[in-house]
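Report on one structure; see the data block that follows.
The values are calculated or read from the model by the stated rules, or taken from the named source; none is laboratory data. All figures in this text were calculated on a predicted structure; none of them were measured in a lab. Positions of Cβ are generated from backbone atoms using ideal geometry, with glycine treated the same way; all protein chains shown enter the neighbour counts.
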Amino acid sequence: MHLSTSSFGPTRFNYQAFACYDLLDNGKQKLDEFGVWTGDTFGLDAKGLGMTHLNLSLNLIGGVYQSGALFSYLGEPEQVNIRVGVSFVSVDQACANAEEEIGTTSFDDIHVRARALWQEKLSKIEIDVGGTPPNITEMLYSSLYRASLTPVSSHTRVVLNCA
């Protein structure tokens, strides 16, 4: 089962982002119930049990809806895995990205790989100035992390060479 979402940004006309959520961990997990909800600050809302999307982005008076997913798993699992793919192109591309980037790789393996990739990227810059306060070092590396977190591309395939 894949749930998908779109749109983010300060106004309804800025960005569109798409996400694909695999709640079943390639069929290893079973859902009890699922659905979606949407609502606004005026109390206009809709819920769709058994649905994976609602085609509402603006309410009748032009306000933007907030939306989300509802789901519960069979039994009482101690751990659940949710795979997420994102794209600025389409929901289908978000799902394809999840398959390509995650596939059947375990969370622990992804965690180890991600830490190594971030360490490689962040270690390219070192502060070699005596007496630099720790909060300045932390701010630099935090800013580098945030700047690299989402290299935005509105194309399906982009090759980034960050040597």
Check: Given the conditions (1) modelled with pLDDT of 75 or more; (2) surrounded by 12 or more Cβ atoms within 10 Å (Cβ to Cβ); (3) within 24 Å of E101 (Cβ to Cβ), which single one is not true for T5?
Finding: (1)
Note to self: Out of everything in the stretch 30-51 that is under 23 Å from the mean Cα position of the chain (by Cα) and either loosely packed, with under 11 Cβ neighbours inside 10 Å or outside any strand (DSSP E or B) (or both), what residue ends up being modelled with the highest pLDDT?
What the structure shows: K30
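Looking at E99, E76, which one is within 16 Å of the chain's Cα centre (by Cα) and at pLDDT 85 or above?
Details: E76 fails: within 16 Å of the chain's Cα centre (by Cα).
On inspection, the qualifying residue turns out to be E99.
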Notebook entry, point to check: Where in the stretch 84-152 are there helices (runs of 4 or more DSSP H), lying fully within it, with 3 or more residues that are hydroxyl-bearing (S, T, Y)?
Noted result: 134-149
Check: Does R157 meet the test of being basic (K, R) and at pLDDT 85 or above?
Finding: no
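Which of the residues spanning the stretch 102-137 are charged (D, E, K, R) and farther than 17 Å from I82 by Cα?
R113, R115, E120, K121, K124, E126, D128
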Notebook entry, point to check: Which residues, taken from the stretch 16-32, are over 13 Å from G75 (Cβ atoms) and free of Cβ contacts under 8 Å to residues at least 60 places away in the same chain?
Noted result: L23, L24, D25, G27
Item checked: Top-ranked residue of the stretch 67-113 - restricted to ones that are touching an Asp or Glu at 6+ places or on another chain (Cβ under 7 Å) and loosely packed, with under 13 Cβ neighbours inside 10 Å, ranked as nearest to Y21 (Cα to Cα) -> S72
